[in-house]
There are 2 protein chains.
Amino acid sequence: MMASSNPEARTPRAREIVAAAREILEAEGLDALTMRRIADRLGIRAPSLYKHFPDKESLEAAIISDAFEEQAVAFEQAGAGSNDPLWDIALAYRRFAHAHPHLYRLMTDRELRRDLLLPGVEARAGRPVYEAAGGDVDRARAAWAFAHGMTMLELTNRFPPGADVDAAWRQGIEAFRPGMAGGGGG
Amino acid sequence: MMASSNPEARTPRAREIVAAAREILEAEGLDALTMRRIADRLGIRAPSLYKHFPDKESLEAAIISDAFEEQAVAFEQAGAGSNDPLWDIALAYRRFAHAHPHLYRLMTDRELRRDLLLPGVEARAGRPVYEAAGGDVDRARAAWAFAHGMTMLELTNRFPPGADVDAAWRQGIEAFRPGMAGGGGG
DNA sequence: CTAGGATGGCTTACACCGTTAGCCATACCC
DNA sequence: GGGTATGGCTAACGGTGTAAGCCATCCTAG
């Protein structure tokens with residue numbers, strides 16, 4: 001059936017493959033995510049996977065698509081009914097990345113193949129951020145970039161050993177609060 | 001001689017190898033940066049490279065070390081004598097990444113092997129940012145994270161087609177100006 | 001009830017990857 | 001002149017994603 005990006009439309013077997021792949025990814029990282037290892041976990045041989053996904057990239061895209069949905073849910077929950085949505089969504093963003101570091105890397109490392117994703121899933125994960133930024137797209141994008149940068153620097157171990165990463169997060173979130181700093185500039 | 005991280009201490013041949021590797025990287029991207037391709041460009045065979053570098057990671061580290069130095073120079077020049085150092089360094093940061101997108105990816109994708117770098121080179125590239133942030137480490141780190149996040153989102157094509165990326169940069173830089181937004185937070 | 005097509009396995013194989021082992025020519029130095 | 005580094009080489013290993021082609025099972029249509 002050549003599993004689609006829509007998880008509802010996936011063959012049961014395709015679902016099992018995605019699950020196996022994700023388990024390997026989360027437990028052992030990107031390097032361990034090979035077609036042979038995935039097949040092993042299911043008791044089959046690597047070439048058989050190609051009966052379900054056209055290539056590795058599509059399989060990864062299925063994982064990524066699911067992850068975007070999970071992010072969307074987490075951000076929506078974090079923002080709903082919060083009296084400090086920017087803060088709570090940022091916290092949820094950070095938490096997601098730390099709970100699934102390898103998954104986060106998979107989602108953000110490469111160029112995004114939107115054509116392989118469930119349509120709209122990327123936008124859905126972004127909307128809460130947009131709203132928390134007071135409806136200002138540019139501010140929302142800047143805040144998003146801050147959160148992403150912060151996360152990547154954490155995950156790639158870029159801060160010096162004693163660095164107060166929490167304080168940097170606080171600074172950034174404060175800086176992007178609606179009502180601060182206008183548009184201007186050079 | 002097993003080329004060191006210090007470019008001064010590199011064998012002439014090691015310098016040629018680093019140069020060849022960097023040319024391939026910048027011209028064709030990370031996937032093209034293979035030991036066989038590097039060797040090809042020098043008219044030798046891949047295993048011969050191991051007479052000069054213990055492994056591929058060390059060769060990459062040499063490229064990364066050089067890149068940090070170039071960044072440091074660029075940031076120092078951008079900050080020196082500027083009456084808006086934060087802005088000018090951010091601009092230099094963005095320019096460097098856009099001038100060398102594959103190099104930038106190589107520098108930031110993986111965990112940093114500091115032990116393979118020329119000592120101090122990383123700190124040197126960071127200092128101008130720290131100073132431009134008014135000497136506040138947390139603010140400097142937040143601003144750095146913003147710049148890095150912004151850059152990665154640009155390079156991985158994450159913004160929607162019509163997005164005003166310049167405006168997002170402006171917003172972020174404004175947000176991190178010294179004298180705005182205090183430490184506080186939850 | 002049987003023919004046919006889809007489904008989902010399999011083996012074999014290819015080109016590429018980083019890397020090791022071991023051989024050998026040149027060049028320099030005591 | 002002998003010994004030692006230097007810097008090439010070939011052959012090979014185990015890993016990668018993936019293509020080609022074979023075959024058993026099963027569902028469905030006639």
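Remarks
- Selection from region A:15-29 of residues that are surrounded by fewer than 22 Cβ atoms within 10 Å (Cβ to Cβ), among the aliphatic types (A, V, I, L, M) and within 12 Å of DNA strand C (Cβ to nearest atom): A:A20
- Some residue of region B:147-161 being exposed (fewer than 15 other Cβ atoms within 10 Å of the Cβ), part of a helix (DSSP H, G or I) and without any contact (Cβ under 8 Å) to a residue 12 or more places away in the chain: no
- Meets criteria (within 19 Å of A:T156 (Cα to Cα), exposed (fewer than 15 other Cβ atoms within 10 Å of the Cβ) and free of Cβ contacts under 8 Å to residues at least 60 places away in the same chain) for B:D115: yes
Here's the yes/no breakdown for (1) of a type outside the set (D, E, K, R); (2) farther than 30 Å from A:A143 by Cα; (3) in a helix (DSSP H, G or I):
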{"residue": "A:V18", "(1), (2), (3)": "yes, yes, yes"}
{"residue": "A:A27", "(1), (2), (3)": "yes, no, yes"}
{"residue": "A:I38", "(1), (2), (3)": "yes, yes, yes"}
{"residue": "A:S48", "(1), (2), (3)": "yes, yes, yes"}
{"residue": "A:E57", "(1), (2), (3)": "no, no, yes"}
{"residue": "A:A72", "(1), (2), (3)": "yes, no, yes"}
{"residue": "A:Y93", "(1), (2), (3)": "yes, no, yes"}
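- Within the span defined as region B:62-81, one or more residues are more than 25 Å from B:E154 (Cα to Cα) and within 16 Å of DNA strand D (Cβ to nearest atom).
- Among the residues of region B:40-58, those identified as among the aliphatic types (A, V, I, L, M) and near DNA strand C (Cβ under 8 Å from one of its atoms) are B:A46, B:L49.
- Enumeration of residues in region A:1-10 that are outside any helix (DSSP H, G or I) and either at pLDDT 90 or above or exposed (fewer than 14 other Cβ atoms within 10 Å of the Cβ) (or both): A:M1, A:M2, A:N6
- The numbered conditions (1) surrounded by 20 or more Cβ atoms within 10 Å (Cβ to Cβ); (2) assigned to a helix (DSSP H, G or I) are all true for A:E76 except (1).
- Scanning region A:98-136 for residues that are at the interface with chain B (Cβ under 8 Å from one of its Cβ atoms) and either more than 25 Å from B:R94 (Cα to Cα) or assigned to a helix (DSSP H, G or I) (or both) returns a single hit, A:T108.
- First in region B:67-89 and more than 21 Å from B:E23 (Cα to Cα), second anywhere and surrounded by fewer than 20 Cβ atoms within 10 Å (Cβ to Cβ), Cβ under 6 Å, 6 or more apart: B:P85/B:G79; B:W87/A:G186; B:D88/B:S82; B:I89/B:G79
- For region A:79-97, filtered to residues that are within 11 Å of the chain's Cα centre (by Cα) and within 13 Å of another protein chain (Cβ to nearest Cβ), the residue that is surrounded by the most Cβ atoms within 10 Å (Cβ to Cβ) is A:Y93.
- Among the conditions (1) within 16 Å of DNA strand D (Cβ to nearest atom); (2) more than 10 Å from every other protein chain (Cβ to nearest Cβ); (3) assigned to a helix (DSSP H, G or I), A:F53 misses just one, which is (3).
- Checking B:A61, B:A32 one by one, the residue that is under 22 Å from B:R105 (Cβ atoms), free of Cβ contacts under 8 Å to residues at least 60 places away in the same chain and more than 8 Å from DNA strand C (Cβ to nearest atom) is B:A61 and no other.
- Close pairs (8 angstrom Cβ cut-off, 6 or more residues apart or separate chains): modelled with pLDDT under 90 and crowded, with 21+ Cβ neighbours inside 10 Å in region B:170-186, of a type in the set (F, W, Y) and outside any helix (DSSP H, G or I) anywhere: none
- Looking across A:D84, A:D66, one residue alone is out of contact with any strand residue (DSSP E or B) (no Cβ under 8 Å at 6 or more places or on another chain) and at pLDDT below 95. It is A:D84.
The values are calculated or read from the model by the stated rules, or taken from the named source; none is laboratory data. A quick note: this is a predicted structure, and the numbers were derived from the prediction, not measured. Don't worry about glycine lacking a Cβ; one is built from the backbone with ideal geometry, like all the others, and counts go over all protein chains shown.
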